[in-house]
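Let me begin by presenting the structure, written as structure tokens, before commenting on it.
The values are calculated or read from the model by the stated rules, or taken from the named source; none is laboratory data. Given the structure is predicted, the values throughout are model-derived calculations rather than measurements. Using ideal geometry, Cβ is built from the backbone for each residue, glycine included, and neighbour counts are taken over all protein chains shown. Remember, those area values only see protein heavy atoms, side chains included, never the ligands or the DNA or RNA. Shrake-Rupley method; radii C 1.70, N 1.55, O 1.52, S 1.80 Å.
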Amino acid sequence: MFNPVRQNDAWGDGYFGASRGSRPHLGVDYVVNEGEVVYAPCDMDSFNLSYPYPFNTNDNYILKGARFSTKINGVNFDGRLWYFTPDSSLFGRDIPKGYPIGTAQTLQHRYPGITDHLHFQLRTETETSDAIKYDGWYYVDPDNWV
């Protein structure tokens with residue numbers, strides 16, 4: 001269903017909850033190759049452009065991704081999938097799981113030596129047993145829900 005989770009590299013690990021200094025990693029990083037077709041990892045409602053960072057000063061190259069809503073096992077989630085160029089013709093649409101949604105980007109210009117990956121993150125305001133509470137939200141491990 002998913003590519004492998006990013007293993008330890010110069011920038012850390014890609015598993016859910018991995019250390020990011022004073023906070024946990026709030027998603028899962030799945031290994032991809034630049035230019036690889038990206039498919040919807042779950043049903044995605046209200047698929048729209050999202051940026052993982054407010055801006056990037058390194059060569060003015062902007063990393064992109066998508067924000068979406070999804071419902072899994074009766075629970076509503078707000079989702080993010082980052083580090084790919086989404087197909088803009090899909091913005092505002094509901095996308096079924098497995099549908100091609102864009103192409104993977106490289107992260108080498110921002111994080112030299114990192115394994116290129118997609119960052120997949122789900123969050124809900126409802127506490128679940130598989131979640132970490134952070135900044136008022138509950139972040140849920142996608143591997144336990146999708």
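Please count how many residues of the stretch 1-27 are open to solvent by less than 60 Å² (accessible area, probe 1.4 Å), of a type outside the set (D, E, K, R) and not in a loop (DSSP other than H, G, I, E, B).
Within the stretch 1-27, residues that are open to solvent by less than 60 Å² (accessible area, probe 1.4 Å), of a type outside the set (D, E, K, R) and not in a loop (DSSP other than H, G, I, E, B) number 3.
So that you can scan it fast, the table gives a plain yes or no per residue for (1) among the hydroxyl-bearing types (Ser, Thr, Tyr); (2) farther than 24 Å from residue 138 by Cα; (3) in contact with a Phe, Trp or Tyr (Cβ under 8 Å, 6 or more places away or on another chain):
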| site | (1), (2), (3) |
| --- | --- |
| 25 | no, no, yes |
| 31 | no, yes, no |
| 36 | no, yes, no |
| 104 | no, yes, yes |
| 116 | no, yes, yes |
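The conditions are (1) in contact (Cβ under 8 Å) with a residue 40 or more places away in the chain; (2) open to solvent by less than 30 Å² (accessible area, probe 1.4 Å), and residue 35 fails exactly one of them. Which is it?
Here residue 35 clears every test but (2).
Working carefully through the options 54, 41, find the one that is exposed (fewer than 14 other Cβ atoms within 10 Å of the Cβ) and closer than 19 Å to residue 123 by Cβ.
Numbers: 41 fails: exposed (fewer than 14 other Cβ atoms within 10 Å of the Cβ).
Criteria check complete, one pass: 54.
Tell me, which strands (runs of 3 or more DSSP E) lie completely within the stretch 28-67 with 3 or more residues that are at pLDDT 85 or above and in contact with a Lys or Arg (Cβ under 6 Å, 6 or more places away or on another chain)?
45-50
Of all residues in the stretch 60-100 being open to solvent by 50 Å² or more (accessible area, probe 1.4 Å) and among the β-branched types (Val, Ile, Thr), which is nearest to residue 38 (Cα to Cα)?
85
Quick one: is residue 52 within 15 Å of residue 142 (Cα to Cα) and not small (Gly, Ala, Ser)?
For residue 52, the condition - within 15 Å of residue 142 (Cα to Cα) and not small (Gly, Ala, Ser) - is not met.
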